[in-house]
Amino acid sequence: MAWTFYVNITNDTERDLEVVESQLHWGYWNTNGEEDKGPQTIKAGETIQAVGVKSAFGPNGYEFSCSWKDDNRNGEAPYGVVSLYVNVPYNNANEATCKANGYFEVAEWKDITHDGHNFIRNIRISNKIDGLRKKEAINSLYTNWDRIDKVKIVEDVKNVDLNQYIPSGIHFEKMPLFRTDTFAISKRLWDGVNDLDFNSLYLKQREVSDYFSVEVTCLRADAAKVATVTKGGKITVKDEYGLSTATKAVDEKVITLESALKYTNKASASVTQEKVASVGVEKELQIELKAKFNILNTVTNEQQRNEKKSTERVFEAPKNKDMDVVPWIFSKMILLYRTDKNNVTTLIGASEWDYAILNRTHVYDVMDNVKQNVETGGQ
């Protein structure tokens, strides 16, 4: 009985996929059970058995390769190439690879086992640009550049009296106060950006018009740490200024800034000259962003000692009223954006550090066990 291999392909792009290369090293073409029928063109949106092979009678094995590219005869830029190679020899281990380059992505491919003779594989070919355009737009403070763009520009938060920005009422939703000017990333450093959507320098150069970063100072009341002081009671708290070692992702749908940059201290530059050059670019980008925004990675203990300051404060509730002491947290977000050739700006990396904590009192009358707001702001 002949050994066989069949591949069913779903073309999830809007272009036909044409065969551009096919080589039969051993065995026979046998697509859809038809002998000598080689790899087939896959129409846009179609699922077909795109290629099949079989061995000669008996355990003689088979080996072949073939590739598909998109039909771009209308003059559009090509998407790329999908290549398949399969070798099932008589007395050695089996091997098979399915690779895509350019804009193409291959899903559902499974490697074949080292032994065995008969295989059926299913793959789905898509264009990653189509996937990006279909993504649901997240309209939040962090991801919507139009909102951040309208915030007042202040280059250094150290020059600002933060007290004037604390509102009279309690607002637990994060509010943007001001931002720095944008910092454009030089094209020669783009290879240091770990853009998960455009994961090669080729795609970045074809699809991206700009990468830039910005620091945004925000304010929120910390609901988890509000302290209630009963009438006539006292509480001691600390106002704090300076850098925090606490770093977190701004949004669970967006990777941290550190992850959005390729360079890490563990990066190895010992493989090839090309790798050495790549790591050099990645490290240089991180150094530039550190210099621009002062902090990027976890803050060192030395920075904490030199820059963190605190002031102890005592609050006393009125004799006839309860009082809440609310910590107001000023945080600094470092945001990394991409603007594509369609002028769509997308957040691709973000991290946040608490910069200062200032406490304020909010006083209440106590009547029938219900708090009624009397005044806000406090000292």
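The values are calculated or read from the model by the stated rules, or taken from the named source; none is laboratory data. In this text the structure is predicted, and so the values were computed from the model without any measurement. Heads up, the Cβs are rebuilt from the backbone with ideal geometry, glycines too, and the neighbour counts pull from every protein chain shown.
Tabulated values for the structure
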| item | result |
| --- | --- |
| Residue match in the stretch 350-357 (condition: within 24 Å of E240 (Cβ to Cβ) and at pLDDT below 80) | no |
| Qualifying residue in the stretch 200-208 (condition: at pLDDT below 90, assigned to a loop (DSSP other than H, G, I, E, B) and farther than 20 Å from L285 by Cα) | no |
| Residue within the stretch 13-21 that is modelled with pLDDT of 95 or more and farther than 24 Å from S126 by Cβ present | no |
| Residues of the stretch 313-354 satisfying the condition of being within 27 Å of F178 (Cα to Cα) and of a type in the set (D, E) | D340, E352, D354 |
| Qualifying strands (runs of 3 or more DSSP E) (wholly inside the stretch 1-103; at least 2 residues being in contact with a Leu (Cβ under 6 Å, 6 or more places away or on another chain)) | 62-70 |
